[in-house]
């Protein structure tokens, strides 16, 4: 091209794309580290490198956001770097740091939460099958846990060497983070679909790598993969219909076509309906949530924390961008349907959450209810709705990471105390863990002086201002009912007698301690001093 470089013609702004390029480039280098370094050196190098990549990308986001750089559309119109996108990027990268620390921790489980030797799996699974009917109600799984906790599956108990860390998880996490960054910044639906697959495939693998409860972990991975494939098919079919309607997959072109008077709306709303199925599945919005409880329970707890926090941020970032940029002019037509989806999500999450006896499943249904609350902010296509939704995602992410980090510490028998009875009397055994867990559960309930209260107040206020009073009333009622299953855990910890053999609390290493402390501190800070985060969340609209 005469007088014009290829990068200029393509619209490559390296300053704007720096966070995404850093994370994806770091993921590729992490794969090389995995291939080159000897096994005994990989763990520390991969952890330090991954943390450095995420931290440098986060710094790049902050510099871009505070430097007054203009909003831009880059890569031939496929990605948009604007104020809400930068907030979502900053949230994802900030959540990625404690997630990586929890993934790398080896103090709670010798060798980490991930299986290190595939040769041990066959023996472990055979024992799982034999003992499946005799699992304890504490949710620890079978006695075959010890098999995969020893190198080669044939050690001599306590005298066996500690297993090596499963270091492949670090490039998986970086690729997933890169896909999430691209997903919530995508300016056309085809780029959004590619980013969806990039973020999803590593998560499918991570869910099936648990060191303990192998069959449950593999079942979770298969369910997530199969249901995710169906959701991706719905998404892609919706993209095809919208292309047939607008002649383009770019969000701004779809909006321009929808504003025109000469087109049939059948393809538009059929495509939107199929698109919504794929997006709501990834965001765990009821009734598209069926994967959530099984995957949250079966996946390794650090992976559950990463999914619960980061995937929800990326999914709702994409939902906000699609609704605001592509379908903002047709909100009157589709808003009623999404009212029903939001109500279904809140009611399903609240009612089924009341029946759960496993804490991770309870957190899963809690996430379904919270997805309905967040959807209220998405439906209010106003600056207040946008800023409230973005703030909610930030607050929810850190609170959830803290809760699941604390869950990984509470043990019963040979594994995590999944069953609620395993938390009875926890306050007498570990007052600090019980107090931190209580504080985070109260934040999910929306108690004042926590981030949860500020977040709910922000989205409910935006909903009221936009004429959605009935939806807000449903949200308030569901919040009040959901407080029961959070308070039930607190009552068990403080007012129930502990069993003779439990619960016990593992002493966390520095990495898990930092992750939990960061989650609790941000939950408190955003409840007491939310102004700065709310101002950044409301810095500007999506670039249409």
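Just a few scattered comments:
- Taking 0.36 nm per residue of separation and subtracting the current Cα-Cα distance, fully stretching the chain between residue 37 and residue 259 would add 74.3 nm.
- The ranking of 108, 36 from fewest to most other beta carbons within 10 Å of each one's beta carbon is 36, 108.
- Alpha-carbon Debye profile of the stretch 229-365, log10 I(q)/I(0) at 0.12 Å⁻¹: -0.53
- Shape of the stretch 468-517, Cα gyration tensor, a/c cut at 1.5: oblate
- Global form of the stretch 268-324, assessed from the alpha-carbon gyration tensor, a/c cut-off 1.5: oblate
- Inter-label distance for residue 435 and residue 14, nm, one decimal - labels placed 7 Å from Cα along Cα-to-Cβ: 5.1
- Semi-axis lengths (Å, descending) of the ellipsoid that matches the C-alpha gyration tensor of the stretch 385-508: 33, 14, 10
- For the chain, the longest principal axis of the C-alpha atoms and the axis of helix 469-495 are separated by about 10°.
- Compactness relative to 2.2 N^0.38 Å, alpha carbon Rg of the stretch 42-98: 1.31
- Sorted by Cβ neighbour density within 10 Å, fewest at the top, the residues 440, 478: 478, 440
- Whether the stretch 439-544 is rounded, prolate or oblate, judged on the alpha carbon gyration tensor where a/c under 1.5 counts as rounded: oblate
- With Cα atoms defining each centre, the stretch 198-226 and the stretch 485-544 are spaced 25 Å apart in the structure.
- Centre-to-centre, using Cα atoms only, the stretch 284-341 and the stretch 403-469 are separated by 20 Å.
- Note on residue 461 and residue 248: their simple-model spin labels are 3.7 nm apart, each label 7 Å out from Cα toward Cβ.
- Answer label, with Cα Rg over 2.2 N^0.38 Å calculated from the coordinates and candidates [x] 1.01; [y] 1.14; [z] 0.95: [z]
- Relative exposure of 193, 484, judged by other C-beta atoms within 10 Å (fewest first): 484, 193
- Cα-based Kirkwood hydrodynamic radius, the stretch 350-425, one decimal, Å: 14.0
- Ellipticity at 222 nm from helices only: DSSP H runs of n ≥ 4 in the chain, each -39500 (n - 2.57), divided by the residue count, give -22500 deg cm²/dmol.
We did not get these values from a lab; they are worked out from the coordinates using the rules stated. As the structure is a prediction and not an experimental result, all values here were calculated from the model. Positions of Cβ are backbone-derived with ideal geometry, glycine not excepted, and every protein chain shown enters the neighbour counts.
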